[in-house]
Amino acid sequence: MNNNGGNGNQRRMLTTHEVAQLLHVHPNTVRKWSNNGALRAYRVGSRRDRRFEPDEVERFLRDSQQELSTKDVALLSGYR
């Protein structure tokens, strides 16, 4: 899914489900982190779906002192 809206210089944003898969948690956990401000999300569209910047997910992991596996780092790099 490409969320750049015709502007070629914007980076791809991650969905709630994509972040949940990367972090090995349930999507509701990602929503909870977003709601309490631990993980910054942008709200988009009429349904106000959440979108996350890959750099924000990495920051969240660093701040949470969780380790990224090599596979997860490669997956996040692919979204840039």
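The values are calculated or read from the model by the stated rules, or taken from the named source; none is laboratory data. Keep in mind the model is a prediction, meaning the values are calculated, not measured. Reconstructed Cβ throughout: ideal geometry from the backbone, glycine too, with neighbour counts over all protein chains shown.
Points to keep in mind about this one:
Yes/no per residue for (1) touching a Ser or Thr at 6+ places or on another chain (Cβ under 9 Å); (2) under 17 Å from residue 78 (Cα atoms); (3) aliphatic (A, V, I, L, M):
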residue: 18; (1), (2), (3): no, yes, no
residue: 22; (1), (2), (3): no, yes, yes
residue: 27; (1), (2), (3): yes, no, no
residue: 30; (1), (2), (3): yes, no, yes
residue: 36; (1), (2), (3): no, no, no
residue: 42; (1), (2), (3): no, no, no
residue: 48; (1), (2), (3): no, no, no
residue: 52; (1), (2), (3): yes, yes, no
residue: 55; (1), (2), (3): no, yes, no
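- Looking at the chain, the helices (runs of 4 or more DSSP H) lying wholly inside it that each contain 1 or more residues that are at pLDDT 90 or above and aliphatic (A, V, I, L, M) sit at 16-23, 27-35, 54-63.
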